[in-house]
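Remarks on the structure that follows.
Each reported figure results from applying straightforward, stated rules to the coordinates on display, with no laboratory input. Remember, predicted model here, so these are calculated numbers, not experimental data. When we count neighbours, we look across all protein chains shown, and the Cβ atoms used for this are built from the backbone with ideal geometry, even at glycine.
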Amino acid sequence: MQPIVLYAQRGKLVAIMLLCAVFVLVGLWQLVAGGQVMIALSTIVPFGAGIAILAPRVFGHKPRIVINEEGILDRNLGVGIIPWEAIGSVHYQANTNDGVICLDMIDAPAWEARLPPLQRAQVGAAKALGMGLLNIGFVGVAADSHAVYEKVRAKVESARPA
């Protein structure tokens, strides 16, 4: 299998960071101008957190998604490399702009335990939306998600024991 290496589109991430910065500045302006403290904090805290989350992605040089003979690595998931043999099934979920590759794992409880706490809390909602336990999103990545899905599906099927 030819490795697939996908990087985050820095332009989109920078635009989102700038938008977050505008909201933080509006919140700071409200604090300085003597406005409502709670309203000011309700813009400063979440949008400031957005900047903190996006900054490593903008300035980092590691690929966001790597798909190779070992398996799948999506740095957004935070579970490390997902070996082909651990994937029970795969399906594609289309949305308005970017698709999602949904992975159902053979040992689901073990993989769910490896998820970071925030993503673990979102598993129920993802399942209710028809997604898998682990979902590889393509927002902010310049790639044809359906073409990548087809390659992943073929690799998952070939990795199954006969």
For this session: May I ask you to list the residues of the stretch 43-72 whose amide nitrogen lies under 14 Å from a point 7 Å from Cα along the Cα→beta-carbon direction of Ala121?
Result: 46
Exercise. Convex hull over the Cα atoms of the stretch 1-79, averaged projected area in nm²?
Worked result: 6.2
Exercise. Tell me, in nm to one decimal, what length is gained between Ala55 and Val14 on full extension, where the rule is 0.36 nm per residue of separation less the Cα-Cα distance?
Worked result: 13.9 nm
For this session: On a 0 to 90° scale, report how tilted helix 145-159 is relative to the longest principal axis of the chain, with both axes built from alpha carbons and the result rounded to the nearest 10.
Result: 40
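Could you tally the net charge around Cys20, taking each other residue with its Cβ under 14 Å from the Cβ of Cys20, Lys/Arg +1 and Asp/Glu -1? Kindly include the intermediate steps, with their values, before the conclusion.
Values: positive: Lys12, Arg57; negative: none.
Net charge around Cys20: +2.
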For this session: Considering the options Tyr7, Ile39, Ala108, tell which one lies farthest towards the positive end of the dipole of the chain, charges being +1 on Lys and Arg and -1 on Asp and Glu at the Cβ, about the Cα centre.
Result: Ile39
For this session: Apply 1/(1 + (r/R0)^6) to the Cβ-Cβ distance of Lys62 and Val32, taking R0 = 45 Å, and write down the FRET efficiency to the nearest 0.05.
Result: 0.75
Seminar exercise, completed: In whole Hz, the Karplus estimates of ³J(HN,Hα) for the stretch 101-115 (6.51, -1.76, 1.60; θ = phi - 60°; x where Gly or Pro) are 8, 9, 10, 9, 8, 5, 9, 4, x, 5, 6, 5, 5, 7, 5
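Using a simple charge model, +1 on the beta-carbon of Lys and Arg, -1 on the beta-carbon of Asp and Glu, nothing else, what dipole does the chain show about its Cα centre, in debye to the nearest 20? Write out the running numbers ahead of the final one.
Working: 13 positive and 11 negative charges, 79 e Å.
Charge dipole, the chain, about its Cα centre: 380 debye, nearest 20.
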For this session: Return the ratio Rg/(2.2 N^0.38 Å) for the chain, where Rg is computed over Cα atoms only.
Result: 1.23
